[in-house]
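All of the numbers you see were taken from the coordinates with simple rules; none came from a lab. These numbers were taken from a predicted model, which means no experiment stands behind them.
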Amino acid sequence: MFVVIVSAAVVLNLKKKDFMLLPEKIEQLMNSTPMKCYKNSFYGYTVHYPSFFEQTPDSLIIDVGSCQFRFWNMVQIEQTVFVTYCPGGISVENIMDSLATVCHATEQRWENDSIFLSGPLYIDDSKISGHQYHAKYVRRGKLLFVQMLTYPDDCKKSVSRLVKQIDDWKVW
């Protein structure tokens, strides 16, 4: 009887180790996959994205200088880069305060010419339940280069490699 109980415990423990939740699978894949490099032909910036992400064709993107990469398999994770106008004469700190309000940021900081924001995801001022974003805004003259990652709440740990990569991003 003791052998049967021990054997059953070992089998159940092995099955538990074989079973991984989707966020854990994504984290494992995210941390082991090679990164691809995209270079924007208009502005000249580069961005790295996981090799298992799909690039949205440029023909489907309206804004010049924008690009998007995404993973869509039961969950949606999107990495987007776009460029927007930034009026001169405004400090990076004031830009951050304004963006943090508009983007509903719960975390914000700035360093030199860069702004970092994160918080719950809103689209057209409507909260998207269960989703977050992390973004870096880099000011270059009268332009803001933005790299943003959107992801489900339960994938926060899964995308930590991408968050770090976005935080380390240099436009040129």
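Scanning the chain for DSSP H helices at least 20 Å long along the axis (C-alpha atoms) with a Kyte-Doolittle mean no lower than 1.0 picks out 2-18. Across all directions, the shadow cast by the convex hull of the stretch 69-116 built on its C-alpha atoms averages 4.6 square nanometres. Just need log10 I(q)/I(0) for the stretch 27-83 at q = 0.14, 0.16, 0.24, 0.30 Å⁻¹, Debye formula, equal scatterers on the alpha-carbon atoms, no solvent, rounded to two decimals. Normalising to I(0) and taking log10 leaves -0.39, -0.50, -1.01, -1.34.
In units of the rule-of-thumb radius 2.2 N^0.38 Å, the stretch 74-172 shows an alpha carbon radius of gyration of 1.05.
Based on the Kirkwood approach, the hydrodynamic radius assigned to the chain is 17.9 Å, with every pair of different Cα atoms included. According to the Cα-based calculation, Rg over Rh for the stretch 30-124 is 0.99, with Rh computed by the Kirkwood formula. Residues considered: Asp153, Asp125, Asp113. Largest GNM mean-square fluctuation over the chain, using C-alpha springs under 10 Å, is found at Asp125. With contacts taken as Cα pairs under 8 Å at a separation of at least 6 residues, the stretch 45-133 carries a relative contact order of 14 percent.
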